[in-house]
Amino acid sequence: MTVSDQQNSQNIPKNQNIQTSQNPDQRTADMHRPTGHGQGEMEKSTRDDPGQVAQTGGQSYELRPDWRIYLPAYVIGGLLAPLLVGIWIIYRYRKKWLGMRYVVTNSEVIHESDGLETRMPLHDITACEVRFDGLAARFGLGTIHIRHTGGTQELPGIPDPEPVAVLIERAAESERDRMKMREEIEKSRPRHPSGTLERKNELVGLWQQGLISEEDYQREMRHFENP
């Protein structure tokens with residue numbers, strides 16, 4: 001299922017933990033808005049309520065996957081607990097889950113897992129696709145497939161992932177618009193700094209009056225041709 005603008009009209013379930021507004025445009029604006037919560041408070045809230053989207057102090061959103069994406073591993077670990085290997089399985093997958101997080105800032109999307117970090121600049125993101133597969137789909141958990149210039153990155157275990165995917169797509173579009181605007185502003189700037197014309201006229205006057213030599217005049221004029 002590919003995310004499109006027609007999803008903008010979808011309502012977010014009342015029991016959903018994702019803290020985002022129903023209006024996608026407002027969600028995009030909120031992502032760039034500073035928050036008053038501290039980092040410690042944010043980390044506590046996401047630990048206590050996995051799958052939640054939390055705002056950090058650096059104008060970004062942090063998402064943590066729902067623990068149920070590893071439910072089969074926990075069940076197997078529980079069955080094998082008398083053999084001790086089950087305890088190791090539970091420990092391994094809980095540690096893996098605790099080490100997973102997704103951060104959406106106003107410049108990039110960050111995927112962290114098992115100590116590895118993947119950064120995707122927003123302007124490189126071309127589309128987001130949401131899929132519901134396997135047992136996780138029974139719990140309403142989906143995977144966001146982010147397509148970018150470097151390939152595809154998956155963000156699994158996200159409750160009600162469509163609004164999050166829309167937020168990422170709109171943030172990427174806004175970042176590309178800002179970059180295009182910056183390029184246009186840069187092109188519109190004069191090639192030489194202000195006062196160049198006055199300085200050139202002054203040199204011409206000095207040269208015409210014989211106050212500077214032809215060699216000095218040509219050398220100074222070359223500075224304006226190669227700033």
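The values are calculated or read from the model by the stated rules, or taken from the named source; none is laboratory data. None of these values were measured; they are calculated from a predicted model. Don't worry about glycine lacking a Cβ; one is built from the backbone with ideal geometry, like all the others, and counts go over all protein chains shown.
Against the list (1) more than 20 Å from A73 (Cβ to Cβ); (2) surrounded by 19 or more Cβ atoms within 10 Å (Cβ to Cβ); (3) not charged (D, E, K, R), the condition A127 fails is (2). A172 falls short of the stated requirement of being touching a residue at least 24 places away in the same chain (Cβ under 8 Å), outside any loop (DSSP other than H, G, I, E, B), in contact with a Pro (Cβ under 8 Å, 6 or more places away or on another chain) and among the small types (G, A, S). Just one residue in the set G78, G99, G38, G86 is modelled with pLDDT under 90 and of a type outside the set (D, E, K, R); that residue is G38. Please verify whether Q59 is assigned by TED's automatic domain parsing to the domain that holds F132, within 24 Å of the chain's Cα centre (by Cα) and at pLDDT 50 or above, treating the condition exactly as stated. Here the answer is yes, as Q59 does meet what is asked. Being under 18 Å from the mean Cα position of the chain (by Cα), without any contact (Cβ under 8 Å) to a residue 60 or more places away in the chain, closer than 15 Å to Y61 by Cα and surrounded by 17 or more Cβ atoms within 10 Å (Cβ to Cβ): is that true of L122 here? For L122, the condition - under 18 Å from the mean Cα position of the chain (by Cα), without any contact (Cβ under 8 Å) to a residue 60 or more places away in the chain, closer than 15 Å to Y61 by Cα and surrounded by 17 or more Cβ atoms within 10 Å (Cβ to Cβ) - is met. Among the residues of region 125-161, those that are of a type in the set (D, E) and more than 14 Å from the chain's Cα centre (by Cα) comprise E129, D133, D160. Screening the candidates P159, P163 for the property of being within 22 Å of E62 (Cα to Cα), surrounded by 12 or more Cβ atoms within 10 Å (Cβ to Cβ), in the same structural domain as S113 (by TED's automatic domain parsing) and touching a helix residue (DSSP H, G or I) at 6+ places or on another chain (Cβ under 7 Å) yields one hit, P163.
Pairing each residue of region 211-223 that is more than 14 Å from R199 (Cβ to Cβ) with any residue that is part of a helix (DSSP H, G or I), provided the two are 6+ apart or on different chains, yields C-beta distances under 8 Å for E214/W207.
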